[in-house]
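The values are calculated or read from the model by the stated rules, or taken from the named source; none is laboratory data. Quick caveat, the model's predicted, so the values are computed rather than measured. For neighbour counting, all protein chains shown are included, and Cβ atoms are generated from backbone atoms with ideal geometry for every residue, glycine included. Surface areas here come from the heavy atoms of the whole protein model, side chains and all, with no ligands, DNA or RNA. Shrake-Rupley method; radii C 1.70, N 1.55, O 1.52, S 1.80 Å.
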Amino acid sequence: MNKITNHLPTAELQRLDAAHHMHPFTANAELAQKGARVITSAKGVWLKDSEGHKILDAMAGLWCVNIGYGRKELAEAAARQMEELSYYNTFFQTTHVPAIALAAKLAELAPGDLNHVFFAGSGSEANDTNIRLVRRYWQVKGQPEKRTIIGRWNGYHGSTLGGGSLGGMKSIHAHGGKIEGIVHIDEPNWWAQGGDMSPEEFGLARARQLEEKILELGVENVAAFIGEPIQGAGGVIVPPSTYWPEIQRIVDKYGILLIADEVITGFGRTGNWFGSETFNIRPHIMTIAKGLSSGYQPIGGSIVCDEVAATVGGAGDFNHGYTYSGHPVAAAVALENLRIMQEEKIVDHVRDVANPYLAVKWQSLTEHPLVGEAKLVGLMGSIALTPNKATRAKFATDEGKVGYRCRERCFANDLIMRHVGDRMIISPPLVIEPSEIDVLIERAWKSLDETYAALKADGWLKAAA
Ligand code: PXG
């Protein structure tokens with residue numbers, strides 16, 4: 001049997017990894033020197049590595065393992081589906097039961113008249129679909145010049161050329177460029193950019209940039225606005241309460257399409273099925289991936305409202321699709337994941353148990369000398385590290401260096417907590433229990449203490465001028 005073995009010594013695995021495996025978003029030569037940590041198995045919220053460490057995964061993999069690791073039911077659903085129908089496409093007037101059932105289930109779960117699903121293999125692919133979908137929509141409506149899409153600086157929508165262009169990460173644009181017809185407005189990041197404004201004033205000001213941008217471009221040229229209800233990869237930036245209502249007002253006023261990228265915020269992450277519900281947003285299209293299958297299979301998609309689906313679907317072929325759109329095995333696994341989420345009331349667990357329990361402890365981290373603000377919505381949280389809380393100062397060292405050191409301390413303490421710049425972020429599996437939250441907080445305090453001591457010793461507690 002051709003079994004994938006874990007029995008090689010760690011150093012040998014690391015050597016092979018360094019020799020042959022190109023890691024995403026990684027300085028590969030640097031990692032080769034150090035050796036990647038080899039993860040071998042996982043159960044619930046816990047990872048195990050090749051050295052036997054038991055690591056608390058407060059990132060749910062990459063924001064995706066919502067129901068926790070190692071659920072046998074999903075493995076069985078995959079095996080059953082592979083035996084029955086391992087693959088068939090949905091391109092040429094055929095369909096299959098898993099894609100039908102999953103599309104119908106998503107139409108039931110999604111708010112409003114988001115009733116139609118275009119499947120993809122990932123969030124990036126789904127956002128590429130969205131670019132073509134909104135441009136095609138306006139073309140069919142007889143307004144082909146309406147094709148510019150407005151996104152946000154520091155937004156993240158994937159790393160295909162389309163997804164990376166919708167996103168506002170300059171570091172991504174710098175590697176391979178950006179497609180035409182996508183522009184960006186500033187993000188609603190009050191902590192870093194709010195200056196002397198109150199969060200509410202700042203939220204309004206940032207949302208009004210959308211109106212300014214529409215007027216500058218001419219509404220006749222604007223197809224859509226895309227945003228994550230909460231920016232995830234950008235550092236768990238929770239917008240001020242005034243932000244989304246104002247965005248919604250502007251979108252409604254000018255009649256452009258609204259795409260809510262729910263790749264992270266979907267499937268319970270914010271304490272509702274979708275972040276759009278948490279923030280009272282009414283998107284025409286929702287991007288989904290990650291928690292849709294809890295990461296057990298790669299699958300994503302766009303959930304599309306009646307009007308957009310009818311317009312695009314009523315005008316002949318839409319020349320777009322992926323070999324694995326609606327892949328039967330991925331769809332069967334996603335369905336089983338959603339069944340578990342519903343039957344075990346996992347969204348209720350987030351809202352009624354895990355969030356309230358974590359919220360108090362998460363907020364108490366602001367008592368630590370390094371921690372400025374602490375934000376938590378559902379089970380998506382961030383803390384801002386700062387040398388001066390009163391002025392919300394940045395460190396004198398390059399942005400991200402302190403965050404990186406803190407992440408290294410977390411790693412050493414068997415806690416996966418990521419850094420984005422000098423913000424530390426969490427997004428644990430939604431099934432996390434209070435006793436596990438205690439461990440998370442204990443390890444976070446220890447890591448912060450160690451970071452603080454190290455910064456102090458190295459003279460790194462200085463604020464930027
Ligand atoms: N939209 C959003 C909001 C995302 O967070 C994507 C689209 C793209 O999904 P795929 O499946 O193509 O990766 C994402 C993915 C990070 C990190 O460092 C975040 C993501 C992916 C990789 C790394 O936080 N989010």
**Message:** How charged is the neighbourhood of Ala309? Take every other residue with its Cβ under 13 Å from the Cβ of Ala309, and add Lys/Arg as +1 and Asp/Glu as -1.
**Reply:** -2
**Asked** In a solvent-free Debye calculation with one equal scatterer on each Cα, what is log10 I(q)/I(0) for the chain at q = 0.10 Å⁻¹, listed in the order of the q values?
**Response** -0.76
**Message:** Within 14 Å, Cβ to Cβ, of Leu62, how many net charges do the neighbouring residues add up to if Lys/Arg are +1 and Asp/Glu are -1?
**Reply:** +2
**Prompt:** Taking a probe of 1.4 angstrom, what is the accessible area of Asp261 in Å², to the nearest 10?
**Reply:** 10
**Asked** Ratio of region 73-343's C-alpha Rg to 2.2 N^0.38 Å, to two decimals?
**Response** 0.99
**Message:** At 7 Å along Cα-to-Cβ for each site, give me the label-to-label distance between Val183 and Ala11 in nm.
**Reply:** 5.8
**Asked** Straight-line reach from Lys389: which lysines have Cα under 19 Å away, leaving out those fewer than 8 places along the same chain?
**Response** Lys361, Lys375, Lys401, Lys456, Lys462
**Prompt:** For Ile281, what accessible area in Å² do you get when you roll a 1.4 Å probe over the heavy atoms of the protein chains, rounding to the nearest 10?
**Reply:** 10
**Request:** Kindly state, to the nearest 0.05, the FRET efficiency for Glu30 paired with Trp153, given R0 = 25 Å and r defined as their beta-carbon distance.
**Result:** 0.40
**Prompt:** Ignoring ligands and nucleic acids, what accessible area does Thr26 show with a 1.4 Å probe (Å², nearest 10)?
**Reply:** 60
**Item:** For the chain, share of DSSP beta bridges that run antiparallel, in % to the nearest 5
**Value:** 65
**Item:** Ala453 paired with His23, simple spin-label distance in nm, labels 7 Å along Cα-to-beta-carbon
**Value:** 2.6
**Asked** About its Cα centre, what dipole magnitude does region 232-284 give when the only charges are +1 on Lys and Arg Cβ and -1 on Asp and Glu Cβ, stated in debye to the nearest 20?
**Response** 80
**Request:** Pull up the DSSP beta bridges for region 335-427 and report the antiparallel fraction as a percent, rounded to 5.
**Result:** 100
**Request:** Choose one of Val238, Thr287, Gly421: the residue whose Cα lies farthest towards the positive end of the charge dipole of the chain (beta-carbon charges +1 Lys, Arg; -1 Asp, Glu; about the Cα centre).
**Result:** Gly421
**Asked** Under 18 Å from the 7 Å Cα→Cβ point of Ala359, by amide nitrogen: which residues of region 259-284?
**Response** 268-280
